[in-house]
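Participant: Take a look at this one; I'll ask things after.
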Amino acid sequence: GCVLVVSVIEQLAQWHNSTVKAAVERLCGYIPGNFCLCTISFSIDREMNADVVCHSLRLCKQDPGQPLCHLYSPPKVSWFSTFLKTTDCGTKSFMGFSSVCAFPLLANLCEKIKYVLRNKVPFEDFDGDKFSTFPTLRGYHWRGRDCNDKNTTVYPGRRPDDWDAKSDSNCNGIWGVDQKDGIPYEEKFCKGAGSKGVVLLGDSAGAHFHIPPEWMTVTQMSAKSFANLPMAFSDELDWPQFSEITGFLNSTIGGWTDSLYLRLRKRNRCNHRDLQNISQNVYFLINIAAYLSFSLARNQLLDNPAIVIYATIGNDVCNGNRDTLAHMTTPKEMLSNVVQALRYLDSHLPNGSHVILTGLVDGRFLWDNLHDRYHPLGQLNKDITYSQLYSFLDCLQVSPCSGWLTPNETLRNLTSERALQLSNVLKEIARSEKFANFDIFYMDFPLRQTAEEWRKMGGEPWQLIEPVDGFHPSQIAAALGTGITWQKALRDWPQVLGKENPFNDQIEAVFKDQGGH
């Protein structure tokens, strides 16, 4: 983190031909609210770089017996020739989350935030139904927006209460009675329409992890670049509202939004707001059923069926450990975890639901298309490639995927081999396992088809990868992947998508007449 911030400060000073102090003030002027808590000024020898500064600040260190981790090439001058001066605050004022939480007044708040992050449920949920009227902190960016947060029986995805003649119990905007014939609108338009929601059980790719490149590209940097910073942090640097499965807002991070949810909603307007994105950035080999017991919001007796997408496309083979192969999920563990999760779903999903297991990605695509390109931090001076970034993160043991983000071709191939083994486990589960309340399907992750489609549109493969982390699918990849998945479902599993609702136009007309948007 220090190396990133100092790199940006140094490049701001270079780009605007200013002092480092002026660059710090410029950066703090860009950042909204109170995110910029202190000012650090230091004089830097022209041969020095962010690695030197951060070690001098003691925010970076070299553990005994460990290699010296550096993003830039080591400078010719001594690492200790830095003249450091701090103003307003010193290094002691850099407090982590645990230090802040030591204050008694903040202890309860911190515990609630930890609970939200651990269990993937909304921070602000007054009635406890796992749906919220607040967008971030696992709110309606992640799940359909609640329309009554004071009534636990009102939430997206439930079957209508008395056909919603008097109120909107399922938050799809369809309620009331047609005065012409006395029939409730929900009954007239949605009865027999096969309404169903979409639920994603995913990893950081499903959560749509994204760090805006404008945050570290000084030639594009302005106050506008950081306007979304508070929202991004309160959504864990994820953008599920634009994602491939549950996206519902127009993208503001490049590309366009296309999602399974939007297509299901277009097919049947009664599906409005019935979505849940239960994804997490950090993966631990855990009891998935226990995790779902906190996170999934579906009542087997009261709610509509759901399409559940199980898509942990990389987490089972990706970790930052030096002995990365030893920390990958084994086929036996994969079988146990997934079957356990499916049994939990069978006991909680309404009858008529569907589950789609998505295979793991072949991550060799990342190194092949990015390793010799310049990272956003390296574009100004042509001094940082993705290969250097990957090596830096791997040295720190915080690489998102040591097995794929490495110059070691043998290790990349072994990681893909394990990914294929785990995908075959999922394929066999879909072939052999049977459940009472849902049918189950398997599909390969459509990376190859996505790349081919993008080439036909005149794009380059590297544009399908997030530019800052060099690891996750980009907004373009997410949108293209939706179309490929939808076409496969139409062709091979039409029963999953259901029929198109013939009343969609009438629903929209009545909705607008009633002042809806």
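Participant: For a Förster distance of 60 Å, can you work out the FRET efficiency between the beta-carbons of LEU325 and GLN179, rounded to the nearest 0.05? Write out the running numbers ahead of the final one.
Facilitator: Numbers: r = 68 Å, r/R0 = 1.13.
According to the calculation, E is roughly 0.30.
Participant: Over 23 Å between Cα atoms: which of LYS166/LYS512; LYS120/LYS512; LYS196/LYS488; LYS112/LYS150 fall into that group?
Facilitator: Distance filter (> 23 Å) returns LYS120/LYS512.
Participant: Evaluate 2.2 N^0.38 Å with N set to the residue count of the chain, then give the Cα radius of gyration divided by it. Numbers along the way, then the final one.
Facilitator: Working: Rg = 24.9 Å, N = 517, 2.2 N^0.38 = 23.6 Å.
Ratio of Cα Rg to 2.2 N^0.38 Å: 1.06.
Participant: So if I take the centroid of the Cα atoms in the stretch 162-190 and the same for the stretch 420-479, what is the distance between those two points in Å?
Facilitator: Comparing the Cα centres of the stretch 162-190 and the stretch 420-479, I get a distance of 39 Å.
Participant: Need the full-extension length gain, LEU396 to ILE31, defined as separation in residues times 0.36 nm minus the C-alpha distance. One decimal, nm. Display every interim value, and only then the final one.
Facilitator: Working: separation 365, 0.36 × 365 = 131.40 nm, distance 2.72 nm.
Result: 128.7 nm gained on full extension.
Participant: Could you state the accessible area per residue of the chain in Å², with a 1.4 Å probe and every protein chain left in place?
Facilitator: 47 Å²
Participant: Using the crude model of +1 on Lys and Arg Cβ and -1 on Asp and Glu Cβ, and no other charge, please compute the dipole size for the chain relative to its Cα centre, in debye to 20.
Facilitator: 120 debye
Participant: Between the DSSP loop rule and a limit of at most 10 other Cβ atoms within 10 Å, which trypsin sites (Lys or Arg not before Pro) in the stretch 340-390 are left?
Facilitator: Of the trypsin sites (Lys or Arg not before Pro), the ones in loops of the stretch 340-390 whose Cβ has at most 10 other Cβ atoms within 10 Å are LYS382.
Participant: For the stretch 234-249, in order, what is each residue's ³J(HN,Hα) by Karplus, 6.51 cos²θ - 1.76 cosθ + 1.60 with θ = phi - 60°, in whole Hz (x at glycine and Pro)?
Facilitator: Karplus-based 3J(HN,Hα) across the stretch 234-249 equals 6, 10, 6, 6, 10, 9, x, 5, 10, 7, 5, 9, 10, x, 9, 10 Hz.
Participant: Which loop trypsin sites (Lys or Arg not before Pro) in the stretch 180-270, with loop taken from DSSP, have no more than 12 other Cβ atoms within 10 angstrom of their Cβ?
Facilitator: Listed in order of number, the matching sites are LYS180.
Participant: Another question about this same structure. Roughly speaking, to the nearest percent, how much of the stretch 197-500's 1.4 Å accessible area is carbon and sulfur?
Facilitator: 54 percent
Participant: Hey, what number do you get for the chain at 222 nm if only DSSP H runs of n ≥ 4 count, each worth -39500 (n - 2.57), divided across all residues, to the nearest 500?
Facilitator: After summing the helix terms and dividing by residue count, I get -10500 deg cm²/dmol.
Participant: Another question, then. For LYS224, go through the lysines and keep the ones whose alpha-carbon is under 23 Å away, minus same-chain ones fewer than eight residues off.
Facilitator: LYS224 reaches LYS21.
Participant: Still on this structure: Given points 7 Å out from each Cα along the Cα-Cβ axis, report the ALA102 to THR252 separation in nanometres with one decimal.
Facilitator: 3.7 nm
Participant: Please list 3J(HN,Hα) in residue order for the stretch 155-165, calculated via the Karplus relation 6.51 cos²θ - 1.76 cosθ + 1.60 where θ = phi - 60°; whole Hz, with x for glycine and proline.
Facilitator: Whole-Hz 3J(HN,Hα) from phi for the stretch 155-165: 6, x, x, 7, 6, x, 7, 6, 6, 6, 5.
Participant: Let me ask something additional. Within the accessible area of the stretch 111-187, what % is carbon and sulfur when the probe is 1.4 Å and the other protein chains stay in place? Provide the component values of the computation, followed by the final result.
Facilitator: Details: 1920 of 3740 Å².
Accessible surface attributable to carbon and sulfur in the stretch 111-187 totals 51 percent.
Participant: A follow-up question, please. Taking amide H atoms as placed 1.01 Å from N in the peptide plane, list the residues 5 or more away in sequence, or in a different chain, whose amide H sits under 5 Å from that of LEU275.
Facilitator: GLY144, VAL198
Participant: Any idea what the dipole of the stretch 197-500 comes to, in debye rounded to 20, about its Cα centre with Lys/Arg Cβ at +1 and Asp/Glu Cβ at -1?
Facilitator: 800 debye
Participant: For the charge dipole of the chain, defined by +1 on Lys and Arg C-beta atoms and -1 on Asp and Glu C-beta atoms about the Cα centroid, which residue among LEU342, SER279, PRO64 has the Cα displaced farthest towards the positive pole?
Facilitator: The residue sitting farthest along the positive end of the dipole is PRO64.
The values are calculated or read from the model by the stated rules, or taken from the named source; none is laboratory data. It should be emphasised that the depicted structure is a prediction, and the values quoted were computed from it without experimental measurement. FYI the Cβ positions are ideal-geometry reconstructions off the backbone, even for glycines, and counts take in every protein chain you see. All accessible areas refer to the heavy atoms of the entire protein, side chains included, with ligands and DNA or RNA removed. Shrake-Rupley method; radii C 1.70, N 1.55, O 1.52, S 1.80 Å.
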